[in-house]
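So the structure is just underneath, and the comments pick up after that.
The values are calculated or read from the model by the stated rules, or taken from the named source; none is laboratory data. Since this is a predicted model, take the numbers as computed values, not measurements. Note: ideal-geometry Cβ built from the backbone for every residue, glycine included; neighbour counts use all protein chains shown.
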Amino acid sequence: MDILILGGAGQVGTELRALTWPDGVRVHAPGRDTLDITDAAAVARALAERAYAAVINTAAYTAVDKAESAVAEAWQLNALAPAYLAAETARAGIALVHVSTDYVFDGETPGPYWPDDPIDPQSVYGASKAAGELAVRTANPRHAILRTAWVVSPHRANFVKTMLRLAAERDGLNVVADQHGCPTSAADLAGALKTVALRLAADAQAPTGTFHCVNAGETTWHGFAEAIVAGGARRGGRSVPVSGIPTSAYPTPARRPANSVLSTETLTQTYGITMRPWQAALDDILDRLVGPVGTGV
């Protein structure tokens, strides 16, 4: 069985490549220089070369603020590329697992969002990802879309690494306290993607549709930052005060959802995947970045 991973150099793709896969499963993760998924002809050639059982697409344009001005680039990778992938995987009878985002919602609804709640993206990034979802949903009936949020890991640039760096450089941090969401470990998301992809690859009748995949529990960016700094301090890093500020005090080109808490109940019911609390996932990331508690820096 051959599985194609796209976006293999990103946070989630790196964790997917690091997973232990079952015997007989061969994972392929070509780099962007080898396969440009914004090139329809290249996608068609790649999927004709090998009888893939499933494709996992983690590739995305994720520079949320930059997307407000780099509109074409964001839409090419977040909307057109999934459209090409969906069309070609459907043509070849290949299951497609696609990663999407909480930014497809407007963030104004209280309580957690469910997969079938109405979407209303408020940014170029969110709109481009919503378009990518639509392309996957309409072109390939054998699909699973996993929406996620606040992805962090020991890899690439992300909120955990930024907070640790700033805590080492500054005597205090100011972090937005009125945006609510669910931190998500790239490793835990990768594990869920693996489970879904293998089931879709092995069973033509496996459940399809849209699901949410985030670590359990919710917090604010301020609460998340406090946990990161405190966790770093337990491992020998600097302990600095983290003050909460309103979104209005930290204006950005792209509008952020005030609430992007996602319910994962459908994923649990359908695929038996239960996501652990974000605090436990954060501890694992800090262990890898800083070291276990008590070892210092």
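For the reader, a short list of remarks on this structure follows.
- Pairs are defined by a Cβ separation below 9 Å, a sequence spacing of at least 6 or placement on different chains, a first member in segment 224-241 that is within 19 Å of Val151 (Cβ to Cβ), and a second member that is outside any loop (DSSP other than H, G, I, E, B) and among the charged types (D, E, K, R); the pairs so defined are Gly231/Asp283.
- Look at (1) among the small types (Gly, Ala, Ser); (2) under 28 Å from Ala53 (Cβ atoms); (3) out of contact with any strand residue (DSSP E or B) (no Cβ under 6 Å at 6 or more places or on another chain) and you find that Ala186 fails only one, number (3).
- Condition met for Leu134 (out of contact with any strand residue (DSSP E or B) (no Cβ under 8 Å at 6 or more places or on another chain), without any contact (Cβ under 8 Å) to a residue 40 or more places away in the chain and of a type outside the set (Gly, Ala, Ser)): yes
- Residue in segment 94-102 that is within 21 Å of Val196 (Cβ to Cβ) and in a helix (DSSP H, G or I) present: yes
- Criterion: of a type in the set (A, V, I, L, M, F, W, C), over 20 Å from Tyr125 (Cα atoms), more than 15 Å from the chain's Cα centre (by Cα) and outside any loop (DSSP other than H, G, I, E, B) - qualifying residue of Leu4, Leu85, Leu35, Leu16: Leu4
- Qualifying residue in segment 39-52 (condition: in contact (Cβ under 8 Å) with a residue 12 or more places away in the chain, surrounded by fewer than 16 Cβ atoms within 10 Å (Cβ to Cβ), in contact with a strand residue (DSSP E or B) (Cβ under 6 Å, 6 or more places away or on another chain) and not hydrophobic (A, V, I, L, M, F, W, C)): yes
- So Ala168, is it at pLDDT below 95 and over 25 Å from Tyr103 (Cα atoms): no
- Put simply, of Cys182, Cys213 the only residue that is among the hydrophobic types (A, V, I, L, M, F, W, C), farther than 25 Å from Pro251 by Cβ and under 14 Å from the mean Cα position of the chain (by Cα) is Cys213.
- The residues on offer are Gly31, Gly10, and the sole one that is touching a Ser or Thr at 6+ places or on another chain (Cβ under 7 Å) and either crowded, with 21+ Cβ neighbours inside 10 Å or within 29 Å of Val214 (Cβ to Cβ) (or both) is Gly10.
- Inclusion of Arg156 among residues that are assigned to a loop (DSSP other than H, G, I, E, B) and surrounded by fewer than 22 Cβ atoms within 10 Å (Cβ to Cβ) is warranted.
Per-residue answers, yes or no, for (1) among the aliphatic types (A, V, I, L, M); (2) in contact with a Pro (Cβ under 7 Å, 6 or more places away or on another chain); (3) at pLDDT 95 or above; (4) not in a helix (DSSP H, G or I):
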| position | (1), (2), (3), (4) |
| --- | --- |
| Pro30 | no, no, yes, yes |
| Val43 | yes, no, yes, no |
| Leu47 | yes, no, yes, no |
| Tyr52 | no, no, yes, yes |
| Ala72 | yes, no, yes, no |
| Trp75 | no, no, yes, no |
